[in-house]
There are 2 protein chains.
Amino acid sequence: MPDLLIHDCDILRNEGDRAWVDLHQDIWVDGVRIKDIQPASSMPSPGNLRIVEAGGRLAIPGLMNTHAHVPMTLFRGLAEDVSVEAWFNDYIWPVESNLTPEDVYWGALLGMAEMIEAGVTCVADHYFAMDQVAQAAADAGMRALLAWAVFAHEGEAKLEQTCKFVQRWQGKADGRITAWLGPHAPYTTTPDFLRLCARRAQELGVGIHTHVSETAEQVRLSLEQYGVTPVRMLLDTGILERPAILAHCAYPSDADLEILHGKRAGVAHAPKTYLKLGSGIPDLRRYLNAGIPVGLATDGAASSNTLDILEQLRMMVLSQKNLAGDSTVMPVAKALGIAFQGSAQVLQMGSDLGEVTPGRLADITLIRQDGAHVFPRINPAANLIYSSRAADVDTVICNGQVLLENGQLLTIDKAQVKREVSRRLARLSQRVPGNRIAIYPA
Amino acid sequence: MPDLLIHDCDILRNEGDRAWVDLHQDIWVDGVRIKDIQPASSMPSPGNLRIVEAGGRLAIPGLMNTHAHVPMTLFRGLAEDVSVEAWFNDYIWPVESNLTPEDVYWGALLGMAEMIEAGVTCVADHYFAMDQVAQAAADAGMRALLAWAVFAHEGEAKLEQTCKFVQRWQGKADGRITAWLGPHAPYTTTPDFLRLCARRAQELGVGIHTHVSETAEQVRLSLEQYGVTPVRMLLDTGILERPAILAHCAYPSDADLEILHGKRAGVAHAPKTYLKLGSGIPDLRRYLNAGIPVGLATDGAASSNTLDILEQLRMMVLSQKNLAGDSTVMPVAKALGIAFQGSAQVLQMGSDLGEVTPGRLADITLIRQDGAHVFPRINPAANLIYSSRAADVDTVICNGQVLLENGQLLTIDKAQVKREVSRRLARLSQRVPGNRIAIYPA
């Protein structure tokens, strides 16, 4: 017998070049999966069912964030209008060096509150003190693919600790947590270290989440130092024999795209960060033509200021049309294909996520369609991409559990999170030598 | 005695390269203007005062939209992913040809509901059947600078009708309405027609709102047909002797910028439209270096899908950093200078709008700062630009009158507007030969 009924929603669908809405549908959820979808009220509902009254809201796959540093939500607004170098060296790394695991937990929970409110049900996170991020995901009810970032200078012992993290958390929280390895990037590791990561990932049977070719400069330095591109280094070191999330990968050569073709690797695309840092927007047609999955990502709130996938979807479409100088590029259905099926593929969950269909995991977001800003509803899919805001997210379901209802968080005490974060920032802002952060009172 | 007290807000301020917040302030409003600003609760309040409890919300100048076609909100989502030519010829102009004045009224009111909810207090609108738009602004309580669009092929008699509109509405609605002339663009008029517009504007003592140099192609065609750029044509025909809003002006030559320097002309910049149409983003440093005011605009919702100035502010900053390939370009304070003082200058109201200061008109927007997505408040100005959403707008005051309180519209019956728009779209979608518009039920 089903556990949950989402009553009377409009389901947004996309396939190839087509996007459409199935009006007035009931979604039946059994445990963690979608069991059935039928026209609204066409089946009798048993009495002891949990019913979510969708009232004509738009049902979309729970949004997926394929690359983030969720605990960095602590640093939103800390480093504005500075160079990438100053961003790291003068702001982010000094404060990160003072973070405690408990700080990471509360920062992660703040970011998850923001994501759930914005309809995001799954995040691929890449940070440190990842037991805390895993605990936050377990507590918040989100799905998470977690990788503990490791640099070569931290050594093999540190890598082994991240392997232990993988073993501790794999499949935990009712199967919501997946754990991978997370070598930071080719430019912060060495070929030997990457080879070791690839071998350990193979032994553990897990994938690898890493940054690669974020800027033109990184590619230039790699060619200078190693004679190969960063993507080629991932191939040469065995990383690409594993399932892989390639964060950013904004500067692949044509040869890089040939390397990636047919691999279990996808690209996490975070256009708001690229626009804000001025690091350049890649032409996504090159990836799609090469058959390489692309998904949406927010990166960390310290660089992109939000963990809002609807916003990244809009930025992705607008920046692609702008880059091409062509209004017909990246049409509505193709954009949804990246946000939904593409992101699911990047997470290596292409058959479980990305569509509201029987058999898939019950990760579903319901979006209000009654605002003046999304009226009239001539084109609900275009409204989602160009007009809807995260604040229109009304209800969020992950793994069959309701995390947000009528815009209210059910699993996170937001007031407590804000109190904890405020308290910790007061301490962090004192402890950065010569870099006291000004904090406005909460 | 003051009429209105906004109690305990944080006021966002910007001057040159600095942006900051004055915490816990009271704003006293006397009639249509700000009378005094003092630390919260430092002055006793008389009993019969209208009090808005700001509760620590961020007070900013009422947002200004320097170029729109508000009634086109009717067509949101009608024409997606098509070329500019198809957008006009296959979609917009066929439906516009069937619009009645009453359709224009309800479309305008829908757009004003969206704008007020998004914190916009003033709009420079450019459309037809402008008596209806003026009536909508009068009813909605917004400030409006209105120009009746006219094409050369409509003839002198039509221009005279738009002059009559100016005389009917100038200074009406407690001074909230300003009326100008609106020749559509150099490419849809003739030099003789523009000369006539300039002469009539001078006789009426009003300004001119026109489109100019929207695309590279328009500039090329002007040079081919007339041997001068569109901006030069505005100079040669006397238009630039009048106060002028130059909508878009995205492709000025260096000589054009020299022409505009020192004139009473400002540029209405609508980056979301330029990104979406792939028509190109201009480098705003060129205008600012030439001393030419730049303000924010939404254009019509048929092209940009929203009438959301906060969103345009974010798009403006991100697209400028992207264009320059430099994260330090268009820093926070400079962006606020365009959104606030720049927009006020473009509207020729630089001493009346754009700052929350005694003596200025009481156009004020209060924004919630308690969301997870704007926490922590390390940098409230950066939060406004990069993280806040229109949905965070809580209270809107225009000309001393409260239009929105606790997110609720006080002057517009949104349900009625939606009913009227739905009814009219059902008719409009039937009457476009061969172009029936699919409308999803409301």
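Of the residues B:Ala333, B:Ala134, B:Ala268, which exhibits the maximal mean-square fluctuation in a Gaussian network model of chain B defined by a 10 Å Cα contact cut-off?
With Cα springs under 10 Å in chain B, the top fluctuation among B:Ala333, B:Ala134, B:Ala268 is at B:Ala333.
Return the inverse of the average 1/r over all pairs of distinct C-alpha atoms in the protein assembly as shown, which is the Kirkwood hydrodynamic radius, in Å to one decimal. All intermediate terms of the calculation are to be shown ahead of the outcome.
On the way: mean 1/r = 0.0356 Å⁻¹.
About 28.1 Å, per the Kirkwood formula over Cα pairs.
Distance in whole Å from the A-onto-B rotation axis to the closest C-beta of chain A, together with the residue it belongs to, please.
A:Ala391, 2
Using alpha-carbon pairs under 8 Å, 6+ residues apart, how would you state the relative contact order of chain B in percent?
Values: 960 pairs, mean separation 93.4, N = 442.
The value is 21 percent.
In nm to one decimal, list the spacings between the A:Leu223 label point and its equivalents in the other copies, with label points set 7 Å along Cα to Cβ, shortest first.
3.4
Using just the helices of chain A, give the 222 nm mean residue ellipticity in deg cm²/dmol: DSSP H runs with n ≥ 4 each add -39,500 (n - 2.57), and the total is spread over all residues, rounded to 500. Numbers along the way, then the final one.
Numbers: 16 runs with 154 residues, N = 442.
The helix-only estimate for chain A comes to -10000 deg cm²/dmol at 222 nm.
As a quick test, which of the pairs A:Lys321/B:Lys414; A:Lys272/A:Lys334; B:Lys35/B:Lys172 have an alpha carbon distance above 27 angstrom in this structure? Walk me through the intermediate numbers first.
Numbers: A:Lys321/B:Lys414 33 Å; A:Lys272/A:Lys334 19 Å; B:Lys35/B:Lys172 23 Å.
The pairs that break the limit, which is 27 Å between Cα atoms, are A:Lys321/B:Lys414.
If R0 is 45 Å, what FRET efficiency do you get for B:Gln170 and B:Glu224 from their C-beta distance, rounded to 0.05? Write out the running numbers ahead of the final one.
Details: r = 38 Å, r/R0 = 0.85.
Step by step, r from the Cβ atoms, then E = 0.70.
Straight distance only, please: which aspartates and glutamates reach the Cα of A:Lys164 with their own Cα at less than 12 Å, same-chain residues fewer than 8 apart left out?
Cross-link targets: A:Asp131.
Using a Förster radius of 30 Å, what is the FRET efficiency between A:Ala426 and B:Arg18 based on their Cβ-Cβ separation? Nearest 0.05, please. Walk me through the intermediate numbers first.
Details: r = 24 Å, r/R0 = 0.82.
With a Förster radius of 30 Å, E is 0.75.
With θ set to phi - 60° and the Karplus curve 6.51 cos²θ - 1.76 cosθ + 1.60, what are the ³J(HN,Hα) couplings of segment A:260-271 in order, to the nearest whole Hz, using x for Gly and Pro?
The phi angles translate into 6, 4, x, 7, 8, 10, x, 9, 8, 10, 10, x Hz.
To the nearest 0.05, how large is the calculated FRET efficiency for A:Glu203 and A:Lys158 if R₀ is 30 Å and r is the Cβ-Cβ distance?
On the way: r = 17 Å, r/R0 = 0.56.
Rounded to the nearest 0.05, the efficiency is 0.95.
Along the charge dipole of chain A, pointing to its positive end and built from +1/-1 on Cβ of Lys, Arg, Asp and Glu, which listed residue (A:Ser319, A:Leu99, A:Gly227) has its Cα farthest out?
Positive-most Cα among the choices belongs to A:Leu99.
At A:Thr188, with labels set 7 Å past Cα in the Cβ direction, how many nm apart are the copies from this one, shortest first?
Listed shortest first, these distances are 5.3 nm.
Taking the label point 7 Å from Cα in the Cβ direction, how far apart in nm is B:Trp93 from each other copy of itself, listed shortest first?
5.9
Is the shape of segment A:63-346 best called rounded, prolate or oblate, per the rule: a/c under 1.5 gives rounded, else a/b larger than b/c gives prolate, else oblate, with a ≥ b ≥ c the square roots of the Cα gyration tensor eigenvalues?
Numbers: a/c = 1.31, a/b = 1.10, b/c = 1.18.
Rounded shape, in that the Cα axes give a/c under 1.5.
Tell me, what ³J(HN,Hα) does each residue in segment B:405-420 have, in order and in whole Hz, if you take phi through Karplus 6.51 cos²θ - 1.76 cosθ + 1.60 with θ = phi - 60° and put x for Gly and Pro?
9, 6, x, 9, 5, 9, 10, 10, 8, 5, 4, 5, 4, 5, 4, 5
Once phi is turned into θ = phi - 60°, what whole-Hz ³J(HN,Hα) does the Karplus curve with 6.51, -1.76 and 1.60 give for every residue of segment B:141-146, x standing for Gly and Pro?
The phi angles translate into x, 7, 8, 8, 10, 10 Hz.
How many Cβ atoms of partner chains, on average, are near each residue of B:323-329 if near means within 10 Å of its Cβ?
Details: counts 3, 1, 5, 5, 14, 6, 2.
If you average over the peptide's residues, the count of other-chain Cβ atoms is 5.
Every number in this text was worked out from the coordinates using simple rules, so none of it is lab data. In this text, all values refer to a predicted model and were calculated from it rather than measured experimentally. All Cβ positions, glycine included, derive from the backbone under ideal geometry; neighbour counts span all protein chains shown.
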